[in-house]
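Comments concern the structure below.
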Amino acid sequence: SPKFHITVVIDSFYTDNLGQTPYYVTSEGVHVLHDFGWGFRKGAPFRQRFNQLSLQLKESGISHKWIYEVIARRVKENRGGTTLDDEKFQTDSYNAKNTEVLRLYHLQGAFYFMFLGYVIAAAVLLGEQIHILLAAL
């Protein structure tokens, strides 16, 4: 979820060795989109058992524990045992070397599909108009 991603980024790049950070993340999450789910066939025989086991994991707190273990491991990997410099607060949280500005050629495929859709829609419209004219004769 976005909360866990933000927690990893803040703990990795903006928290010092004493655990002090200039940012606060609420304990209550506000979910705008639910972007995770399991897809099953309609009438799948294991669906109810899967839901039951998933609920048991959630209620027992194991999934919560696992999530925070993964976050702690990721933060440790990101920090690499180095201390936090004051300069780190002034810079971007991601390395500028690894980022690239999004350009038009990155989106060419989307535009090609959009124009292909326009051509197909125009052809269908033309076909309908021809069909209407021929049916009226």
Legend entry - Separation of the N17 and L55 label points, Cα + 7 Å toward Cβ, nm: 4.8
Legend entry - Full-extension gain in nm, N78 to A44, via 0.36 nm per residue minus C-alpha separation: 8.2 nm
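Rounded to the nearest 0.05, what FRET efficiency is calculated for K65 and A121 with R0 set to 41 Å and r the Cβ-Cβ distance? The partial results should precede the final answer.
On the way: r = 52 Å, r/R0 = 1.27.
In this case the efficiency is close to 0.20.
Read the figures in this text as sums done on the coordinates, not as results from a lab. Please read these numbers as outputs of a predicted model, since none were measured by experiment. All Cβ positions, even for glycine, are placed from backbone atoms using ideal geometry, and neighbour counts span all protein chains on display.
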